[in-house]
Structure formats: structure tokens, C-alpha cells
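Scroll down for the structure; my scribbles are underneath it.
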Amino acid sequence: MKYYIIAGEASGDLHGSNLIKQLKIKDPNAEFRCWGGDLMQAQGAKVVKHYRDLAFMGFIEVVMNLKTILTNIKVCKADIEVYQPDAIILIDYPGFNLRIAEFANKLGIKVFYYISPQIWAWKQNRVHKIKKVVDKMFVILPFEKEFYKKFDVNVDFVGHPLIDAIAAERKVQPSFDEFIANNELQAKPIIALLPGSRKQEISAMLPIMLSVINHFQNYQFVIAGAPSQDKALYEPYLKENNTHVLFGKTYDLLQQSEAALVTSGTATLETALFKVPEVVCYKASSISYLIAKQLIKVKYISLVNLIMDREVVKELIQSELNTQLLKEELSKVLKGGEKRIKLQADYDELIIRLGGVGASEKTAQLITETLN
């Protein structure tokens, strides 16, 4: 079978690569063409366009880049017509992917959606388009099946693919001494900084995260570099703050960290699954935030809190994201802090709720069964 996969972010590239790995087992003659990144390419997919050229953050940024986005959609449609895949597999990235789903449906191509758009948070009316143009939806959060059921849409809950990805990483964990030696770090406990993957996020979040360094002299702060960005983006912050950036080692870094400051997104869940106490950070342009506040229908911005339906990790949003509050909340989750033990117990419950291992394998099985 010929598969055409579209992911618009780093997390989609990760989940797409693991799905390709399983599809090759179920379908040894499989061919893959994709919009994604290095991880999908490493699994043998032909990358048409890298996700670093696709990701735009916030309402204003999307409007400013609308011409580029529309051009990309046109290029993608033309490429699909030439390639003539047996199946389209869409990974999140709804603004782009729902247009492609509608196009592929009209061509009679099977459309699979792996990792639902967060329509339960905003733009719930998108559920009607999904019902019309998507053949099968595979959801990864336990509450999503009930959400779709309200609209008479039958979806498959396959569990969260991050559990598989992280379980594989934990099997090859180096010692702390090996880790700091291999990466030229100090012999101090580590606080990880995960400021996001887009340039706008990194530029907005990193200065605030680094502003607390002087309050934690017994720790070293290490930045998880986004694979889609150049080191030059981080250089201005490194010497000034005596810190380091590591690329392609986010999971290794989390395994060795005592705590983390994390920009809202998939990284909040990744950090929790490594059982690293965290403080969630979010700041957008004032206009983007005001628009989002009017449209978004959920109580929390982090996946951890959304899944648990209560505040497990502290979220510092907009004006609350300042040096003083960040210092206070980080102190609470470090060793000896008042929140640390309870937080790690909550993480155990979170893992149970997410449904265990095997998401990529289950999804690959359901896709190949449907096509056959």
C-alpha cells in the first residue's frame, strides 16, 4: 500500500515515525510519502516538506503567514494527485489537515486521522466536517471518545503513543555521571528548560525561564533545543546565563533532571511521563491571548491537567508568568518542596488513565484491517 502522512509539528513527526515503524511490520510492501521531519525520514518516508516550514504560532502569526499556508495546501493537493496514495494519514494539525481530508475524500482516498485535533477545546463545529470526510479517527486521550460520542461519531481510543516512545527511551538510560561527562555539563543537579519548538515560542519563553537562574545557584539549567531550530537562535542566551543547549537529547535530559520549566503543549505530558516535577509556562502576544481566551472552552492549558480534570501541575499564564511566581513554584517541586511527593503520585495515576502501551501498533493494525 502507498501511504501519505501529514504532520505539522515535532510531536507529529515523532508519532508518525513510530506509526510508520508499525505499518511496515503489518504491511511489508508499504511505501510512505510525508510532510513531516527527520524522524519519519529515518523510517524510510520521502519528506515532501519539513514541518519547520509549516508551524505558525498564534492567531496573528497565522494571518501574517496566510499566503504561505495557502500555497502549501495547494502544493500538497497537487502532490497527492500525482502520488495517488491508497490512504491519507493525518496527524493533528487541523487547519491544514482538515482541508486535505476534504480534498482526499472527494478523490475517493481513504482518510485516517491519528491524534484528534483538540476540537473539544475550541472550534467544536469541526466535528461535523470530521464526521463527513474522515473514514476513521484514532484518539489518544481517554475523554475524547466520550466527546465524539455526543456527536454520534464512533472513534477508536488507542492509548497515548508517548507511553511507547518513553518506555523505549527508559531502557537505555545512562548514569548521571555519564550524561554530564558526555555533554560537558557541571556536576550539579539539573533543571530542564523546554521553551517550545517554534521561534516565536522560544523567543517569548526562554528569557523568562532563565530569569530565575540566580535564585537556584546549586542547580544548572539546561535547555532542550528544538530539532527544527539552529543553535544560533539560542546563542544569545547561553554565555550570558552560563547555560547549555542540547539538541536531539530531550528525553535523555528529562531522565536526568530534578525538575523542569515547560512551555504548554505535548512537552508537558512528556515531562510528566518521565515523572519529572514541572511548572507549565505560557505567554503569547496580548491580541492572540485575548482571542484565545474568548474561543477556548477548557479549564486548563496543559495536557496533564486536562486528562486528570484537576490542577496537578501549576500553570503560569500571561502576567502570572513572571520571575517571582516562577521562582516560588519551582521551589515547591524541587527536592524538599511541598508539592513534590504529591505531584509524583499524581503522575502514577495519569499513566494508568492513558491506557498503557501499544498505541502505534493498535493504530497500524486498525488501518491495515480497514484497507484490506
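Here is a check on your reading of the model: is L193 in a strand (DSSP E or B) and touching a Phe, Trp or Tyr at 6+ places or on another chain (Cβ under 9 Å)?
On the way: in a strand (DSSP E or B): yes; touching a Phe, Trp or Tyr at 6+ places or on another chain (Cβ under 9 Å): yes.
Criteria met by L193.
Would you check if V276 is among the aliphatic types (A, V, I, L, M), crowded, with 21+ Cβ neighbours inside 10 Å and without any contact (Cβ under 8 Å) to a residue 40 or more places away in the chain?
Working: among the aliphatic types (A, V, I, L, M): yes; crowded, with 21+ Cβ neighbours inside 10 Å: yes; without any contact (Cβ under 8 Å) to a residue 40 or more places away in the chain: no.
Here the answer is no, as V276 does not meet what is asked.
Is it true that some residue in the range 252-260 is in the same structural domain as A284 (by TED's automatic domain parsing), part of a helix (DSSP H, G or I) and hydroxyl-bearing (S, T, Y)?
There is no residue in the range 252-260 that is in the same structural domain as A284 (by TED's automatic domain parsing), part of a helix (DSSP H, G or I) and hydroxyl-bearing (S, T, Y).
If a residue must be of a type in the set (F, W, Y) and either assigned to a helix (DSSP H, G or I) or surrounded by fewer than 17 Cβ atoms within 10 Å (Cβ to Cβ) (or both), how many such residues does the range 83-120 contain?
Pass one, the range 83-120, residues of a type in the set (F, W, Y): 83, 93, 96, 103, 112-114, 120.
Checking which are either assigned to a helix (DSSP H, G or I) or surrounded by fewer than 17 Cβ atoms within 10 Å (Cβ to Cβ) (or both) leaves us with 83, 96, 103.
Number of matching residues: 3.
Just one of P236, P174, P227 is surrounded by fewer than 17 Cβ atoms within 10 Å (Cβ to Cβ), modelled with pLDDT under 95 and under 30 Å from S17 (Cα atoms); which is it?
Working: P236 fails: under 30 Å from S17 (Cα atoms); P227 fails: surrounded by fewer than 17 Cβ atoms within 10 Å (Cβ to Cβ).
Being surrounded by fewer than 17 Cβ atoms within 10 Å (Cβ to Cβ), modelled with pLDDT under 95 and under 30 Å from S17 (Cα atoms) holds for just one of P236, P174, P227, which is P174.
Within the range 305-324, count every residue that is free of Cβ contacts under 8 Å to residues at least 60 places away in the same chain and either within 12 Å of I208 (Cα to Cα) or surrounded by 15 or more Cβ atoms within 10 Å (Cβ to Cβ) (or both).
Residues flagged as free of Cβ contacts under 8 Å to residues at least 60 places away in the same chain and either within 12 Å of I208 (Cα to Cα) or surrounded by 15 or more Cβ atoms within 10 Å (Cβ to Cβ) (or both) within the range 305-324 amount to 12.
Test each condition in (1) under 20 Å from the mean Cα position of the chain (by Cα); (2) modelled with pLDDT under 95; (3) farther than 30 Å from I88 by Cα; (4) of a type in the set (S, T, Y) for S285 and report the one that comes out false.
If we test S285 against (1) under 20 Å from the mean Cα position of the chain (by Cα); (2) modelled with pLDDT under 95; (3) farther than 30 Å from I88 by Cα; (4) of a type in the set (S, T, Y), just (1) comes out false.
Q200 fails exactly one of the following numbered conditions: (1) under 16 Å from S319 (Cα atoms); (2) of a type outside the set (F, W, Y); (3) at pLDDT below 90. What is the number of that condition?
(1)
Kindly list, by first and then second residue, each pair from a residue in the range 154-171 that is without any contact (Cβ under 8 Å) to a residue 60 or more places away in the chain to a residue that is part of a loop (DSSP other than H, G, I, E, B), limited to pairs with Cβ atoms under 9 Å and residues at least 6 apart or on different chains.
Close Cβ pairs satisfying both conditions: V155/S116.
Could you figure out which of (1) crowded, with 18+ Cβ neighbours inside 10 Å; (2) modelled with pLDDT of 90 or more; (3) under 30 Å from D230 (Cβ atoms) isn't true of S211?
(1)
Under the condition of being surrounded by fewer than 20 Cβ atoms within 10 Å (Cβ to Cβ) and part of a loop (DSSP other than H, G, I, E, B), which residue from the range 121-144 is modelled with the highest pLDDT?
Within the range 121-144, the match that is modelled with the highest pLDDT is D135.
Given the criteria over 17 Å from the mean Cα position of the chain (by Cα), surrounded by fewer than 17 Cβ atoms within 10 Å (Cβ to Cβ) and outside any loop (DSSP other than H, G, I, E, B), does A204 qualify?
Numbers: over 17 Å from the mean Cα position of the chain (by Cα): yes; surrounded by fewer than 17 Cβ atoms within 10 Å (Cβ to Cβ): no; outside any loop (DSSP other than H, G, I, E, B): yes.
In short, no.
When the range 222-245 is examined, which residues are found to be part of a strand (DSSP E or B) and within 22 Å of the chain's Cα centre (by Cα)? Don't jump to the end; show me each part of the working.
Filtering the range 222-245 down to residues part of a strand (DSSP E or B) leaves 222-225, 244-245.
Passing the criteria: V222, I223, A224, G225, V245.
Could you list all residues from the range 119-153 that are farther than 18 Å from N105 by Cβ and touching a residue at least 60 places away in the same chain (Cβ under 8 Å)?
Correct list: W120, A121, W122, K123, Q124, I140, L141, P142, F143.
Exactly one of (1) assigned to a helix (DSSP H, G or I); (2) within 30 Å of F143 (Cα to Cα); (3) modelled with pLDDT of 95 or more; (4) out of contact with any Ser or Thr (no Cβ under 9 Å at 6 or more places or on another chain) is unmet by Q22. Its number?
(4)
Within the range 347-356, identify whether any single residue is closer than 28 Å to F216 by Cβ and not aliphatic (A, V, I, L, M), and answer yes or no.
Yes; the residues of the range 347-356 include at least one that is closer than 28 Å to F216 by Cβ and not aliphatic (A, V, I, L, M).
The values are calculated or read from the model by the stated rules, or taken from the named source; none is laboratory data. None of the values given here were measured: they were computed from a predicted structure. As a convention, Cβ positions derive from the backbone with ideal geometry for all residues, glycine included, and neighbour counts pool all protein chains shown.
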